[in-house]
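The values are calculated or read from the model by the stated rules, or taken from the named source; none is laboratory data. Not measured: the values here are computed from a predicted model. Cβ coordinates were reconstructed from backbone atoms using ideal geometry, including for glycine residues, and neighbour counts include every protein chain displayed. The protein model used for the area step is the full one, side chains on, heavy atoms only, and it has no ligands, DNA or RNA in it. Shrake-Rupley method; radii C 1.70, N 1.55, O 1.52, S 1.80 Å.
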Amino acid sequence: QVQVVESGGGTVQAGGSLTLSCAASGRTFSRYVMSWFRQAPGKGREFVATLSASGYTTNYADSVMGRFTISRDYAKNLVYLQMNSLKPEDTAVYYCRATMNSSPYWGQGTQVTVSS
């Protein structure tokens, strides 16, 4: 199995940038589809972005397209979510997910707060 741990959350002003990291341990990391989800207070968990195992195919939610970028570093077993032009509505707990022919593995989440 894969252990998933997010980091990099914090508080930023609207219009600012922040990059989240997801550390995924395990020898099979390169075969996993990696995704980011988020959950705002009082709302359900929603899809944000996903990256194929190959690292060549991406998909984004309409709400973040053009502002967020998902990428992965195979040598370091890391997945990133670069967030630019942040808006107050981006405030949420962000979760990293790893999937491969079975139930997904979830991280514990990291808080992102966008002020103003």
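Yes/no per residue for (1) within 19 Å of N77 (Cα to Cα); (2) without any contact (Cβ under 8 Å) to a residue 40 or more places away in the chain:
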{"position": "A14", "(1), (2)": "no, no"}
{"position": "L18", "(1), (2)": "no, no"}
{"position": "A23", "(1), (2)": "yes, no"}
{"position": "S35", "(1), (2)": "yes, no"}
{"position": "R38", "(1), (2)": "no, no"}
{"position": "T50", "(1), (2)": "yes, yes"}
{"position": "A53", "(1), (2)": "yes, no"}
{"position": "N59", "(1), (2)": "no, yes"}
{"position": "M65", "(1), (2)": "no, yes"}
Give just the number: which of (1) closer than 24 Å to Q1 by Cα; (2) in contact with a Gly (Cβ under 6 Å, 6 or more places away or on another chain); (3) among the hydrophobic types (A, V, I, L, M, F, W, C) does V112 not satisfy?
-> (1)
Just one listed residue, out of A24, A53, A49, is surrounded by 14 or more Cβ atoms within 10 Å (Cβ to Cβ) and either at pLDDT 95 or above or polar (S, T, N, Q) (or both), and it is A49
All-but-one check, Y56 against (1) over 22 Å from S102 (Cβ atoms); (2) in contact with a strand residue (DSSP E or B) (Cβ under 8 Å, 6 or more places away or on another chain); (3) of a type outside the set (K, R), failing number (2)
Looking only at residues in region 81-116 that are polar (S, T, N, Q) and over 12 Å from V12 (Cβ atoms), which one is most open to solvent (accessible area, probe 1.4 Å)?
-> N101
When region 56-76 is checked residue by residue, the ones that are part of a loop (DSSP other than H, G, I, E, B) and either within 23 Å of G16 (Cα to Cα) or open to solvent by less than 30 Å² (accessible area, probe 1.4 Å) (or both) are A61, D62, S63, V64, M65, G66, R67
Return yes or no: is S35 part of a strand (DSSP E or B), in contact with a Gly (Cβ under 7 Å, 6 or more places away or on another chain) and open to solvent by less than 40 Å² (accessible area, probe 1.4 Å)?
-> no
